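Report on one structure; see the data block that follows.
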Amino acid sequence: MRNYVKQFLFRFESSFFSKVLRRALGMMIPLILTGGMALALRNLPIPLFQAMIETGSLHWLYDILTLIYEGTFGLFSVVLVVTISLSYAMELNVAVDYMVMYVIVALSAFGAQVNIGTDYFDIKSLGSVGCFSAILVAYLSCMAYSALRKIRWLILENFTAGMGGICLPAFQTFFPLLIICSSSAVINRIICMAFHVHGSYELINVFLLTVFKGVAKGGGFTLGLLYTVFVHLLWFFGLHGSHILEPVAQNDMICNGVDILSKSFYDVFVSMGGSGTTVCVIIALLMLYRRERSGKLAGLATVTGLFNINEILTFGLPIILNPILFVPFILTPVACYCISYGATAMGLVPVVTHEVVWTAPVLVGGYLATGSIRGTLLQLFCIGVGVLIYIPFLRANQKMETIRAKEQVRILIKELQSKEENIEHPMFLTRGDHIGTTSRLLLHDLKHAVKNRKLHILYQPQVRADGSCIGAEALLRWNHPLYGMIYPPLIIYLAEEGKILPDLEKLIIDEVVAGIARTKENYSGEFKISVNFTAHSLLWDCENYIEQELERNHVEPDKLWIEITEQDILIKTDLIMKKLNQLKENGHRLLIDDFGMGHTSLLYLQSEIFSVVKLDGSLTRPLLTSETNQKIVSSIVELGNELNVDVIAEYVETREQQKLLEKLGCTCYQGYLYSKPIPLDEFIQYIRKNQTENE
């Protein structure tokens, strides 16, 4: 059962809908932050400040803050339509011109649902009241547009042939938009006429309010309990529960100083930090994940959360439509309601006698509502209970976030490997889908890792047939704190495309040259360390930087060998060859890595720049079962002997493989048969032990 639940959660979290919604809600954070802070400041519960801001000398500030709030939250649903449609298009990785079309289609469909330009139009439908309708209409209209785009005659394919620029997607969108917008308008009219409402959003509100009144006739404790449950159920599905059930609060939850249940009672003791008692989420996240993304988000939410504005968490974490956080989002406010109602009924805390504005800061509101410090203590107790409820679910949510993130990195690596096999240049950073998003996140982390020198070097020994170690290849590794070990070619790709390759190469050169110097101090025999360079690595002043580092560490150039793959040499050939000649003149030996995977390997041997070739893994891995590969390896070794070029075989993993290579004339190897890549200290021990055994 537990595994089934995990699988369901992972499938939901990894679904297209979930990806689109999460990205869209994340885009909303700046708007939510701006509007939330403006509202919190405008309603700051300080009597003198309120007097000055409402009617006194600071009235101009009240107007400005109101404009900011209405300019953000007043267009909440409109912006949500934009972010959902844009996120939908980005997830499909469509061209930028068509992303704009998705937004236009979704906005048109939403506009037809809210009766703009008619007597039935309610400006509130553009704000957070209409957010559920915004999600539904935007997503369905994008689905429809995506399907209609595939109908060739509908997009006027024969008439738009040869048309360029923005006109092409614009004309191709005409009929799909007409169909979708018309359908939305017709559905809206049918709903309004059949149910006597002003729009689909109002239909949902009226239906839920009717259901609630039907089950909440008991009043008192039962009314408050159902109100708490319903408000949070609505919020979880993207509906503004407090606004929908506002008539209930106005009619049945009046603060009279006698009855326990009132709207102020609910705001002060249940909705602390916002719906879901999310002040508990803020505290729990800061306790558990202060330095991680969710912890930083909680830090941002602290200011508005203190004033019971929680959209940063509900939309940013997110909590809305998050199946893992559904239980604590409902259970915590229910627990707080029951505890507070019971404490008040038993006389432990005075009945709420003062109406308190819902933005009254947490802990302050308890005192203002009851006129007693016991109100504040009750809030503290409820918050403590809520934190305990949320913690296990937040941990589960964090694990799911990690699983989902690792899966995205795995997909990215798989895509890169596919590009490598087909010798294609990846363009991940400019993509709009999750591969692009993951790439950009990794690039951001890589920049931080390079700056703070969080990457490290491992050394894989290279051994002759007689067992003597000639040195090692330096291999770059990045142990990401969330994703674990990152595929090395992905590191190089991100560095190249992110324009930080020189910084990364400097770090590698520093580490390797320092490693050579340290090996010299602890080992008296001959050895060398080879390091991989790409063509882009050679486009900056790397040769002079290497020379400076060698001089600073008192290391001879022949200790540092330079490896470069054949396909990299093809990039800006003349400049690259000039750089390679300079490195050779400086005293370095040059290697062709992955020799044999391309079509021009022999041409570079003729240049006499390279004195070592490394057999590609595609040749050595299937060697035992492929006579063709055996003949190729034998020919390469024979040619190398004639040209005075040494041959090193990579991916040597079995004794049978090594014996066959030796029979074919290859007498130098690198692979797991001898050693995996190891830290510098272990390599020094390895080469010293190897020297002793071969004396």
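The number of residues in region 293-308 being within 18 Å of PHE73 (Cα to Cα), open to solvent by 10 Å² or more (accessible area, probe 1.4 Å) and of a type in the set (Val, Ile, Thr) comes to 1. For the list (1) more than 16 Å from the chain's Cα centre (by Cα); (2) in a loop (DSSP other than H, G, I, E, B); (3) crowded, with 18+ Cβ neighbours inside 10 Å, I need the number of the one condition that ASP466 fails. Against the list (1) more than 16 Å from the chain's Cα centre (by Cα); (2) in a loop (DSSP other than H, G, I, E, B); (3) crowded, with 18+ Cβ neighbours inside 10 Å, ASP466 comes up short only on (3).
Scanning region 28-53 for residues that are over 23 Å from VAL362 (Cβ atoms) and in a helix (DSSP H, G or I) gives PRO30, LEU31, ALA51, MET52.
In region 127-134 there is no residue that is in contact with an Asp or Glu (Cβ under 6 Å, 6 or more places away or on another chain) and either part of a helix (DSSP H, G or I) or at pLDDT below 80 (or both). Here is the figure for region 301-329: residues that are at pLDDT below 80, over 16 Å from LEU363 (Cα atoms) and not in a loop (DSSP other than H, G, I, E, B) total 4. One residue is enough: does region 332-349 have a residue meeting the conditions on the phi > 0 side of the Ramachandran plot and either within 27 Å of the chain's Cα centre (by Cα) or touching a residue at least 12 places away in the same chain (Cβ under 8 Å) (or both)? No, because not a single residue in region 332-349 is on the phi > 0 side of the Ramachandran plot and either within 27 Å of the chain's Cα centre (by Cα) or touching a residue at least 12 places away in the same chain (Cβ under 8 Å) (or both).
Of all residues in region 621-652, which are buried (at least 19 other Cβ atoms within 10 Å of the Cβ) and either in contact with a Pro (Cβ under 8 Å, 6 or more places away or on another chain) or part of a helix (DSSP H, G or I) (or both)? ASN629, VAL633, ILE636, VAL637, GLY640 - these are the residues of region 621-652 that are buried (at least 19 other Cβ atoms within 10 Å of the Cβ) and either in contact with a Pro (Cβ under 8 Å, 6 or more places away or on another chain) or part of a helix (DSSP H, G or I) (or both).
Just so you know, in region 559-576 the residues that are of a type in the set (A, V, I, L, M, F, W, C) and closer than 24 Å to ILE648 by Cα include one that is modelled with the lowest pLDDT, and it is LEU570. Against the criterion of being modelled with pLDDT under 80 and open to solvent by less than 10 Å² (accessible area, probe 1.4 Å), THR278 does not qualify. Considered as a group, the residues in region 35-74 that are β-branched (Val, Ile, Thr) and at pLDDT below 85 include one that is most open to solvent (accessible area, probe 1.4 Å), and that residue is THR55. Among residues of region 182-201 that are in contact (Cβ under 8 Å) with a residue 24 or more places away in the chain, those with a Cβ under 9 angstrom from a residue that is among the aromatic types (Phe, Trp, Tyr) and open to solvent by 80 Å² or more (accessible area, probe 1.4 Å), sequence gap 6+ or separate chain, pair up as CYS192/TYR120; HIS198/TYR120; GLY199/TYR120.
Kindly indicate whether any position in region 379-390 is surrounded by 14 or more Cβ atoms within 10 Å (Cβ to Cβ), under 17 Å from GLY436 (Cβ atoms) and in contact (Cβ under 8 Å) with a residue 60 or more places away in the chain. Looking for residues that are surrounded by 14 or more Cβ atoms within 10 Å (Cβ to Cβ), under 17 Å from GLY436 (Cβ atoms) and in contact (Cβ under 8 Å) with a residue 60 or more places away in the chain, one finds none in region 379-390, hence no. Taken as a whole, region 549-558 holds at least one residue that is under 23 Å from LYS454 (Cβ atoms), at pLDDT 85 or above, surrounded by 15 or more Cβ atoms within 10 Å (Cβ to Cβ) and acidic (Asp, Glu). Across region 512-523, what is the number of residues that are open to solvent by 10 Å² or more (accessible area, probe 1.4 Å) and either touching a Leu at 6+ places or on another chain (Cβ under 8 Å) or without any contact (Cβ under 8 Å) to a residue 12 or more places away in the chain (or both)? Number satisfying all stated conditions: 2. Taken over region 192-218, the criterion of being open to solvent by less than 30 Å² (accessible area, probe 1.4 Å) and at pLDDT 75 or above is satisfied by CYS192, VAL197. When residues in region 26-48 are screened for being of a type in the set (Gly, Ala, Ser) and touching an Asp or Glu at 6+ places or on another chain (Cβ under 7 Å), 1 of them pass.
Filtered by the rule that a residue be open to solvent by less than 50 Å² (accessible area, probe 1.4 Å), out of contact with any Leu (no Cβ under 7 Å at 6 or more places or on another chain) and either at pLDDT 90 or above or within 22 Å of SER242 (Cβ to Cβ) (or both), region 283-292 gives a lone residue, LEU286.
Residue check: is ARG404 open to solvent by less than 60 Å² (accessible area, probe 1.4 Å) and closer than 28 Å to SER15 by Cα? So ARG404 fits the description; yes. What tally of residues in region 75-110 results from selecting those that are on the phi < 0 side of the Ramachandran plot and either among the basic types (Lys, Arg) or open to solvent by 20 Å² or more (accessible area, probe 1.4 Å) (or both)? Within region 75-110, residues that are on the phi < 0 side of the Ramachandran plot and either among the basic types (Lys, Arg) or open to solvent by 20 Å² or more (accessible area, probe 1.4 Å) (or both) number 19. Taking (1) modelled with pLDDT of 90 or more; (2) open to solvent by 30 Å² or more (accessible area, probe 1.4 Å) in turn, TYR669 satisfies each apart from (2). Is it the case, given these coordinates, that GLU549 is among the charged types (D, E, K, R), free of Cβ contacts under 8 Å to residues at least 24 places away in the same chain and either under 30 Å from GLN685 (Cβ atoms) or not in a helix (DSSP H, G or I) (or both)? In short, no.
If you go through region 577-612 and pick out every residue that is open to solvent by less than 70 Å² (accessible area, probe 1.4 Å), at pLDDT 70 or above and over 30 Å from THR519 (Cα atoms), you end up with 1. Only one entry in PHE110, PHE121 is of a type outside the set (S, T, N, Q) and at pLDDT below 85, namely PHE121. Would a scan of region 137-160 turn up a residue that is charged (D, E, K, R), part of a helix (DSSP H, G or I) and over 30 Å from the mean Cα position of the chain (by Cα)? Taking every residue of region 137-160 in turn, at least one turns out to be charged (D, E, K, R), part of a helix (DSSP H, G or I) and over 30 Å from the mean Cα position of the chain (by Cα). Exactly one residue out of ILE339, ILE312, ILE330, ILE324 is β-branched (Val, Ile, Thr) and open to solvent by less than 10 Å² (accessible area, probe 1.4 Å): that is ILE312.
The values are calculated or read from the model by the stated rules, or taken from the named source; none is laboratory data. Since the structure is predicted, the reported quantities are computational estimates derived from the model, not experimental observations. Glycine gets a Cβ as well: all are built from the backbone with ideal geometry, and neighbour counts include every protein chain shown. What goes into the accessible areas is simple: the full protein's heavy atoms, side chains included, and nothing from ligands, DNA or RNA. Shrake-Rupley method; radii C 1.70, N 1.55, O 1.52, S 1.80 Å.
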